[in-house]
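Since the structure comes first, as structure tokens, the remarks are kept for the end.
The values are calculated or read from the model by the stated rules, or taken from the named source; none is laboratory data. Since we're looking at a predicted model, the values are computed, not measured. Virtual Cβ from ideal backbone geometry, glycine too; neighbours counted across all protein chains shown.
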């Protein structure tokens, strides 16, 4: 739950490796799984981005390792001010509207199936072997099984 951008995953992996060494374990033997929100749409990629923004909002509130730019910090501060835990797992959360589209690909898999595939390929290139896709239930949008079919035809 550290985003999906390779630089963020690398930073988290370095912490995991350091912890393994400190615990007397082989860092290469520690299984790492990237868990992130995911939604894809052939018809409406913008709707796909919107479907995961509530999760991106939650992610940027954490003190995650890795490079975070000033724009992301500013958005995180706005989210912090408006975050309502009663809307915590809701795609319709008011605070989700604060997340700009261009921030989504750093913290979630979203867009067209081709865009999601490219995000997954970028993680494979840095040695990620497993991902866990958290596909939200989105009212008036593709069902979870339909999203899975788009991603694994």
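With respect to residue 10, is the statement that it is farther than 16 Å from residue 126 by Cα, out of contact with any strand residue (DSSP E or B) (no Cβ under 8 Å at 6 or more places or on another chain) and surrounded by 13 or more Cβ atoms within 10 Å (Cβ to Cβ) true?
It is false that residue 10 is farther than 16 Å from residue 126 by Cα, out of contact with any strand residue (DSSP E or B) (no Cβ under 8 Å at 6 or more places or on another chain) and surrounded by 13 or more Cβ atoms within 10 Å (Cβ to Cβ).
Residue by residue through segment 102-146, note down the ones that are surrounded by 12 or more Cβ atoms within 10 Å (Cβ to Cβ), at pLDDT below 85 and part of a helix (DSSP H, G or I).
Passing the criteria: 144, 146.
Restricting to segment 22-55, name every residue that is in contact with a helix residue (DSSP H, G or I) (Cβ under 8 Å, 6 or more places away or on another chain), closer than 19 Å to residue 10 by Cβ and in a helix (DSSP H, G or I).
Correct list: 27, 29.
Please name all residue pairs, on different chains or six or more residues apart, with Cβ atoms under 6 Å, provided the first residue is in segment 15-41 and is in contact (Cβ under 8 Å) with a residue 12 or more places away in the chain and the second residue is in a strand (DSSP E or B).
Cβ pairs passing all conditions: 33/132; 34/131; 35/132; 36/109; 37/134; 38/109; 38/133; 39/110.
Please find, among 98, 150, the residue that is modelled with pLDDT of 95 or more and more than 20 Å from residue 9 (Cα to Cα).
Of 98, 150, the one residue that is modelled with pLDDT of 95 or more and more than 20 Å from residue 9 (Cα to Cα) is 98.
Return the residues of segment 42-64 that are without any contact (Cβ under 8 Å) to a residue 24 or more places away in the chain and over 17 Å from residue 115 (Cα atoms); say none if nothing qualifies.
Those that are without any contact (Cβ under 8 Å) to a residue 24 or more places away in the chain and over 17 Å from residue 115 (Cα atoms): 61, 63.
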